[in-house]
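**Q** Below: one structure in structure tokens.
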Amino acid sequence: MTEVAKIPLAGVVGHPVAHSRSPRLHAHWLRAMGLRGHYIPMDVASADLAEVIRTLPKAGFVGVNITIPHKEKVLDLADLVTDRATLIGAANTLIFRKDGRIHADNTDGYGFIENLRRNAPGWDASGGPVVLLGAGGAARAVVASLLDAGAPEIILTNRTRARAETIRQDFGTRIRVEDWVQAGNVIEEAATVVNTTSLGMEGQPELRVPLDGLRRDAVVTDLVYTPLQTRLLKVAAEMGCVTVDGLGMLIHQAIPGFERWFGERPEVTEATREAILK
Ligand code: NAP
């Protein structure tokens, strides 16, 4: 009797998880590419995380994305952790290997860089200083990827200065920490400006950093993608800067996982964005 191939299952594990756009994205790619597979949102409390992760491979899962608040804790559950996930201190993608081992990676930085390369033609991390607002979990992935891509200097500013100092200690001398109140001044130095804070997101306070010092040739990007057009991006575009919204990062960080789980590399088109937004 011939064995019927199992349908690969993947998903996103978080708490809460209902807000995640990843199920729409992966469902779109599976459908558009005619692939067998399902991608399921799973709301898992911290106390249950280890048990759930260890059980999923037995239920036909080939891997999962990991989102807040489990990105750090999941490193302890993995048998293999990529160098970049170790450096960042968090993982967003797990691959359940056939040999039973769990492989953890962090693709947020890859998604961040790909988004800029594709949507700000000619952008190069090595083109000048980067001003980075925020020093949370996402900032660590963005810093790692910018340094890897050749950024000469990252000027880091965060409300809680100690968090920025920790990033400097972990990532080295190309990082300069400035006080949060100085953000509007240091922005004048930036060839690239990145908002990694949650400010400007729906339901959060607005990002109030003064923007009148922005260079007209700066590339400005925001990790926040609800709304797509944040105040930062709106003001920067009005000043003549090239702006890149955060949706592309979400899309591109998903590609390595999708390819490993379902066997084919997905394309990013306007239909991909529409599938998430609808
Ligand atoms: P996080 O670890 O909670 O960090 C939040 C950051 O925002 C910290 O730097 C925090 O500063 C700052 N912040 C929060 N409220 C503030 C306020 N009232 N004033 C000044 N600063 C404030 O969150 P995260 O995981 O890094 O995520 C940050 C944002 O990036 C979220 O909006 C998330 O949705 C977005 N994101 C997008 C993508 C994408 O694919 N586009 C990927 C990852 C994350 P303190 O350190 O002082 O608290």
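The values are calculated or read from the model by the stated rules, or taken from the named source; none is laboratory data. All values derive from a computational prediction rather than experimental measurement. Cβ: placed from backbone, ideal geometry, glycine included. Neighbour counts: every protein chain shown. Accessible surface is based on the protein model in full, side chains and every heavy atom, while ligands, DNA and RNA are left aside. Shrake-Rupley method; radii C 1.70, N 1.55, O 1.52, S 1.80 Å.
**Q** Looking at Asn119, Asn115, can you tell me which residue is away from the ligand (no atom under 11 Å from the Cβ), at pLDDT 95 or above, polar (S, T, N, Q) and in the same structural domain as Val143 (by TED's automatic domain parsing)?
**A** Just a single option satisfies the conditions, and that option is Asn119.
**Q** Return the only residue of Ala144, Ala85 being within 15 Å of the chain's Cα centre (by Cα) and within 14 Å of the ligand (Cβ to nearest atom).
**A** It is Ala144.
**Q** Would the stretch 2-20 turn up any residue that is surrounded by 21 or more Cβ atoms within 10 Å (Cβ to Cβ) and charged (D, E, K, R)?
**A** No; the residues of the stretch 2-20 include none that is surrounded by 21 or more Cβ atoms within 10 Å (Cβ to Cβ) and charged (D, E, K, R).
**Q** Tell me which residues, restricted to the stretch 225-240, are crowded, with 20+ Cβ neighbours inside 10 Å and either away from the ligand (no atom under 14 Å from the Cβ) or assigned to a helix (DSSP H, G or I) (or both).
**A** Leu232, Leu233, Ala236
**Q** I'd like the residue in the stretch 183-212 that is of a type in the set (S, T, N, Q) and within 18 Å of Arg161 (Cβ to Cβ) and, out of all such residues, is farthest from the ligand (Cβ to nearest atom).
**A** Here the residue is Asn185.
**Q** While we're here: So, in the stretch 28-73, how many residues would count as being in a helix (DSSP H, G or I) and without any contact (Cβ under 8 Å) to a residue 40 or more places away in the chain?
**A** Summing the residues that are in a helix (DSSP H, G or I) and without any contact (Cβ under 8 Å) to a residue 40 or more places away in the chain in the stretch 28-73 gives 12.
**Q** Taking the condition open to solvent by 50 Å² or more (accessible area, probe 1.4 Å) and not charged (D, E, K, R), does Thr166 pass?
**A** Yes, satisfied.
**Q** Here's another thing I want to ask about it. Can you report the number of residues in the stretch 77-107 which are part of a helix (DSSP H, G or I) and either assigned by TED's automatic domain parsing to the domain that holds Ser145 or among the hydrophobic types (A, V, I, L, M, F, W, C) (or both)?
**A** 4
**Q** Any chance the stretch 170-177 includes a residue that's part of a helix (DSSP H, G or I), buried (at least 20 other Cβ atoms within 10 Å of the Cβ) and β-branched (Val, Ile, Thr)?
**A** For the stretch 170-177, residues part of a helix (DSSP H, G or I), buried (at least 20 other Cβ atoms within 10 Å of the Cβ) and β-branched (Val, Ile, Thr): absent.
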